[in-house]
Amino acid sequence: MQIINPATEEIISELQVTSKDELRSVLDSLREGQKAWAQKSIEERLECIIRFGEFIQLNVNELAEILTLETGKPLQQSLNEIKGAQNRVEHLRQNAEKWLAPETLVDSGSTHEKIMYEPLGVIANISAWNFPYNVGYNVFLYALVAGNSVLYKPSEFATLTGKQFEKYLWQAGIPENVFQCVVGDGKLGQQILEADLNGYFFTGSHGTGLHIAKTVAHKLVPVQLELGGKDPLYIMDDVPDVKQAAINAAEGAFYNNGQSCCAVERIYVSEKIHDEFVDAFVTEVKSYKIGDPTSLETFVGPLTRKQQLKVLENQVTDALNKGAILLSGGKEIKGKGYYFEPTVITNCKHEMAVMNEESFGPIIGIQKVSSDSEALRLMSDTEYGLTAAVFSSDEQRALGLLNQLNVGTAYWNCCDRVSPNVPWSGRNNSGLGSTLSTQGIRAFVQPKSYHLRP
Ligand code: TXE
């Protein structure tokens with residue numbers, strides 16, 4: 001399998017794809033390893049995770065460079081992503097024992113009732129390329145602490161990063177028969193679906209997620225899907241600082257080149273402040289440094305996948321044909337690398353693809369609205385349900401609207417944000433189940449209830 005640098009289109013590595021036989025023997029060893037791993041105490045498992053965090057800290061620059069080389073993510077953003085691993089390790093250090101401890105619910109003289117949390121067994125973590133470290137460690141660190149072994153299949157667009165994490169997990173004391181990173185694309189993914197695993201944890205597109213859920217349904221094992229979105233942001237007329245709101249909204253839309261599951265994908269602005277907001281927004285976007293992702297100053301690098309250029313181009317054409325106005329960007333940047341100009345489109349309408357289909361790139365549609373109820377109607381009219389944001393100086397007004405939206409995450413005066421303290425979950429076409437927080441660890445265990453009569 002060839003690994004291509006999206007900034008230069010050069011082949012940077014060639015890897016041997018995991019064969020069917022190798023997959024079988026990897027799974028046999030993970031099944032064997034899991035038994036011993038589950039016997040270890042939570043403290044012992046946690047020690048390995050904490051050591052992993054230390055290795056990550058020591059090698060942060062190397063890890064960031066590989067991520068940038070492989071996915072085109074600007075170096076500063078690669079560094080930010082790796083620092084998130086530290087944050088998850090610390091969160092697990094503080095909470096994992098508490099979350100996994102047996103719970104006694106009734107302790108009367110004649111009856112004891114309690115819950116023990118047992119690991120699922122061997123789980124598959126089929127992952128994505130857009131935040132490959134992040135979407136990986138949000139799954140496998142929690143699964144490992146809970147006593148599972150993990151078959152990790154990174155995206156074919158982020159395999160080198162997956163292999164680096166495997167190296168440091170092993171160095172940190174996680175046995176080789178407890179964590180294995182396999183190499184391949186959807187074909188290998190398909191073989192994993194056909195194999196005997198105790199849970200499937202997926203991050204990626206809605207289409208593949210649905211296929212996975214259908215294919216493994218007969219096994220009756222847990223399936224979690226973290227899929228995409230078409231996340232709306234509404235700027236109310238009472239924002240205290242329109243310029244600051246525009247800067248924050250633009251960052252939410254263009255960070256990681258818009259390739260984030262929770263990127264701001266469509267913006268609604270009150271007609272009272274619309275023009276001022278748009279001016280400030282376009283000024284901000286035009287100030288972004290585009291180019292070589294290995295430079296710490298770059299904010300917009302290449303897209304990770306070449307095929308997305310066409311998707312973005314089609315969304316621009318569709319919007320312009322339906323009456324939108326192009327204020328910035330709008331096309332691929334010719335030359336080496338998969339670069340697309342940061343694109344701002346106004347005068348948008350709900351029927352344009354840029355307002356109702358996932359863009360997953362540096363493009364944003366802005367639509368004027370005349371009331372909160374119009375904004376609510378437009379924000380709600382989607383098949384997705386990942387996040388929604390409202391900027392306003394009035395918390396009650398913002399929450400009044402956010403409370404009515406069918407989303408997993410609601411943001412007031414912020415956006416495009418993930419925290420280990422609260423669950424990360426999508427509704428409808430944005431997915432199933434949760435990572436992070438108590439729910440994120442409970443996803444990797446099964447409760448066993450005890451009724452004891454002493
Ligand atoms: O996803 P895929 P891709 C969305 C985003 C993006 C689109 C395509 O819209 O443009 O998905 O990205 C593996 N059985 N998101 O092509 O195809 C595949 O090898 C088992 C949103 O990367 O879903 C990879 O490891 N596995 C998302 C993983 O599935 C299969 C993040 C994801 O690939 C398989 C990334 C099969 N039959 C993309 N076919 C988010 N939530 O942020 C493929 N795979």
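The values are calculated or read from the model by the stated rules, or taken from the named source; none is laboratory data. Computed from a predicted model, the values in this text were never measured in an experiment. With ideal geometry, Cβ positions are generated from the backbone for all residues, glycine too; neighbour counts draw on all protein chains shown. Areas reflect the complete protein model, heavy atoms only, side chains present, ligands, DNA and RNA absent. Shrake-Rupley method; radii C 1.70, N 1.55, O 1.52, S 1.80 Å.
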Total residues in region 30-49, condition open to solvent by less than 80 Å² (accessible area, probe 1.4 Å) and in a helix (DSSP H, G or I): 11
Taking the conditions exactly as written (in contact with a strand residue (DSSP E or B) (Cβ under 9 Å, 6 or more places away or on another chain), open to solvent by less than 10 Å² (accessible area, probe 1.4 Å) and touching a residue at least 60 places away in the same chain (Cβ under 8 Å)), does Ser370 satisfy them or not? no
Could you identify the single residue in Tyr384, Tyr450 that is touching a His at 6+ places or on another chain (Cβ under 9 Å), more than 16 Å from the ligand (Cβ to nearest atom), open to solvent by 30 Å² or more (accessible area, probe 1.4 Å) and not in a helix (DSSP H, G or I)? Tyr450
So Glu166, is it open to solvent by 20 Å² or more (accessible area, probe 1.4 Å) and farther than 30 Å from Ser371 by Cβ: no
Only one of (1) assigned to a loop (DSSP other than H, G, I, E, B); (2) over 25 Å from the mean Cα position of the chain (by Cα) does not apply to Leu27, and that is (1)
From Ala246, Ala217, residue being open to solvent by 20 Å² or more (accessible area, probe 1.4 Å), in a helix (DSSP H, G or I) and hydrophobic (A, V, I, L, M, F, W, C): Ala217
Conditions (1) part of a helix (DSSP H, G or I); (2) closer than 22 Å to Gly408 by Cα; (3) within 14 Å of the ligand (Cβ to nearest atom); number of the one not met by Lys230: (1)
List pairs: first residue in region 332-355 and crowded, with 22+ Cβ neighbours inside 10 Å, second residue small (Gly, Ala, Ser) and assigned to a helix (DSSP H, G or I) anywhere in the structure, Cβ distance under 7 angstrom, at least six positions apart or on different chains. Ile345/Ala319; Cys348/Ala319; Met352/Ala319; Val354/Ala319
Of Leu401, Leu405, the only residue that is of a type in the set (A, V, I, L, M), surrounded by 17 or more Cβ atoms within 10 Å (Cβ to Cβ) and either modelled with pLDDT under 95 or part of a helix (DSSP H, G or I) (or both) is Leu401
Just to be sure before I move on: is Ser437 within 16 Å of the ligand (Cβ to nearest atom), more than 15 Å from Leu233 (Cα to Cα) and among the polar types (S, T, N, Q) in the structure I sent? no
State yes or no: is Ala124 part of a loop (DSSP other than H, G, I, E, B), within 16 Å of the ligand (Cβ to nearest atom), closer than 19 Å to Gly204 by Cα and touching a helix residue (DSSP H, G or I) at 6+ places or on another chain (Cβ under 9 Å)? no
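Among the listed residues Asn130, Asn177, Asn198, Asn134, which satisfies the condition of being under 21 Å from Asn5 (Cα atoms), touching a residue at least 60 places away in the same chain (Cβ under 8 Å) and in a loop (DSSP other than H, G, I, E, B)?
Checking each option against the conditions leaves just Asn130.
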Restricting to region 387-398, what's the tally of residues that are open to solvent by less than 40 Å² (accessible area, probe 1.4 Å) and over 15 Å from Val264 (Cα atoms)? 2
What are the pairs with Cβ atoms under 7 angstrom where one residue, in region 256-280, is more than 20 Å from Thr71 (Cα to Cα) and the other, located anywhere, is within 16 Å of the ligand (Cβ to nearest atom) and of a type in the set (Lys, Arg)? Sequence gap at least six, or different chains. Glu265/Lys230; Arg266/Lys230
Of all residues in region 272-300, which are assigned to a loop (DSSP other than H, G, I, E, B) and either farther than 16 Å from Ala253 by Cα or open to solvent by less than 20 Å² (accessible area, probe 1.4 Å) (or both)? Lys272, Ile273, Gly291, Asp292, Pro293, Thr294, Ser295, Leu296, Glu297, Thr298
In region 191-212, the residues that are within 11 Å of the ligand (Cβ to nearest atom) and open to solvent by 30 Å² or more (accessible area, probe 1.4 Å): Gln191, Glu194, Ser205, His206, Gly207, Thr208, Leu210, His211
How many of the residues in region 409-447 are at positive phi and in a helix (DSSP H, G or I)? 2
Which of the residues belonging to region 56-93 are in contact (Cβ under 8 Å) with a residue 40 or more places away in the chain and open to solvent by 50 Å² or more (accessible area, probe 1.4 Å)? Glu62, Glu65, Leu69, Gln76, Asn87, Arg93
Could you say whether any residue in region 308-330 is under 30 Å from Leu405 (Cβ atoms), crowded, with 18+ Cβ neighbours inside 10 Å and in contact with a Phe, Trp or Tyr (Cβ under 7 Å, 6 or more places away or on another chain)? yes
